[in-house]
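Participant: Can you keep this structure in mind? I'll have questions shortly.
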Amino acid sequence: MQGVFITFEGVEGAGKTTRSKVLQEALSAAGYSVRATREPGGPPVSERVREILLDKGLDLPPVCELMLFLAARAANVEMVILPWLARGGVVVGDRFTDATLAYQAFGRGLPRPRVEAACRFAAGGLVPDLTVLLDLDPEEGLRRHAGDGRPRDRMEEAGADFHRRIREGYLTLAREDPDRYLVLPGDRSPETLDELILRRAEEVLRRKNGSRDQ
Ligand code: TMP
C-alpha cells in the first residue's frame, strides 16, 4: 500500500479550503484513511510559526519570510505528512511547495532556483502526487474574502500586483508539470469542481494503488 499526497493551491479566496474539505469527506466515505493538513500549519510548532507569518504588525524581509514558511513545512512533513503516507494513508494538503514558489519566488521576486533548492531541502524532496489549482482572478478572490467579515492578514494585504504575479506564477508552474496539476477555473459551480476533483483523485489513487480501509 502506497500513501498518496494531494494538494490544493490558488490565490486567496479561490475556494481551496472548501473544495479540499469536500474531497476529504468523499475519500473518507470511500474507505480511505484521510488526513488533512494546511500550510503554514500542522504540528504545534508550525501553527506558532503561522501566527508570526500572518501577523500584520510584523515586517518580515522576503528571505526571512521564506525561511519561516519552510521551517513550518519541515516540521509538518516530518511530524505529520510522512508518517501518514508511510502507513498508506491519503494526505490532503491546503498548500505546499507550489505556494512557496508562487508567493516567494514569483510574488516576492526571490530567485527561483534558490527557492526551489530550499524547498527541496525543507520537504526532503517530497512532491505531491496531484495538485489541484483553483485558478481565479485575485481581485475576485479578495472580494470573496472581504465578504466573510474576517480581517485581512499580512499576505492578503500585500497588494494587487503581488497577487497577480502569484496567479501567473501558479499557471506557469502548472504548464511546466501538466501530469501532476489539475487546473480548474475557480468560478465554476461547486458541484462541477467537486466532481472533477474527485474523479482525478480517484485516478491517482488507483494508479498508486492507494490505501483503503487502514
Ligand atoms: P492560507 O490563507 O491558504 O491559509 O495561507 C496562508 C498565507 O500564506 C497565504 O497568503 C499564502 C501564504 N503562503 C506563502 O506565501 N508561502 C507558502 O509557502 C505558503 C504555504 C503559504
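Laboratory data are not the source of any read-out in this text; all were calculated from the coordinates shown. Just so it is clear, the structure is predicted and the values come from calculations on it, not from any experiment. Don't worry about glycine lacking a Cβ; one is built from the backbone with ideal geometry, like all the others, and counts go over all protein chains shown.
Participant: Please give, to one decimal in nm, the separation of the simple spin-label points placed at residue 51 and residue 139, each 7 Å out from Cα toward the Cβ.
Facilitator: Placing both labels 7 Å beyond Cα along the Cβ direction yields 3.7 nm.
Participant: Let me ask something additional. Below 8 Å between Cα atoms, with a sequence gap of 6+, how large is the relative contact order for region 6-64 in percent?
Facilitator: Dividing the mean separation by the residue count of region 6-64 yields 14 percent.
Participant: Continuing with the same structure: Could you give the length gained by full extension between residue 152 and residue 116, i.e. 0.36 nm per residue of separation minus their alpha carbon distance, to one decimal place?
Facilitator: 10.2 nm
Participant: For the chain, take the longest principal axis of its alpha carbons; what is the angle in degrees between that and the long axis of helix 190-207, to the nearest 10 within 0 to 90?
Facilitator: 60
Participant: Pick from 150, 87, 180 the residue whose mean-square fluctuation is largest in a GNM of the chain, springs joining Cα atoms under 10 Å.
Facilitator: With Cα springs under 10 Å in the chain, the top fluctuation among 150, 87, 180 is at 150.
Participant: Given the Cα-Cα distance of residue 2 and residue 87 and 0.36 nm per residue of separation, how much length would full extension add, in nm?
Facilitator: Contour length minus Cα-Cα distance gives 29.8 nm.
Participant: Explain nothing, just the number: relative contact order of the chain, from Cα pairs under 8 Å at least 6 residues apart, as a whole percent.
Facilitator: 36
Participant: In terms of the Cα gyration tensor, with a ≥ b ≥ c the square roots of its eigenvalues, is region 4-114 rounded because a/c is under 1.5, prolate because a/b exceeds b/c, or oblate?
Facilitator: Note, shape of region 4-114 comes out prolate.
Participant: Hey, got a sec? Which trypsin sites (Lys or Arg not before Pro) in region 5-75 land in a DSSP loop and have at most 16 other Cβ atoms within 10 Å?
Facilitator: For trypsin sites (Lys or Arg not before Pro) across region 5-75 that sit outside H, G, I, E and B with at most 16 neighbouring Cβ atoms in 10 Å, the list reads 56.
Participant: Can you give the relative contact order of region 91-211 as a percent, counting alpha carbon pairs under 8 Å and 6+ residues apart?
Facilitator: Computed over region 91-211, the figure is 33 percent.
Participant: Could you list the trypsin sites (Lys or Arg not before Pro) in region 98-160 that lie in coil according to DSSP, counting only those with at most 14 other Cβ atoms within 10 Å of their Cβ?
Facilitator: In loop regions of region 98-160 (DSSP not H, G, I, E or B), the sparsely surrounded trypsin sites (Lys or Arg not before Pro) are 152.
Participant: OK, next. Between 137, 161, 98, which gets the highest mean-square fluctuation from a Gaussian network model of the chain, Cα cutoff 10 Å?
Facilitator: 161
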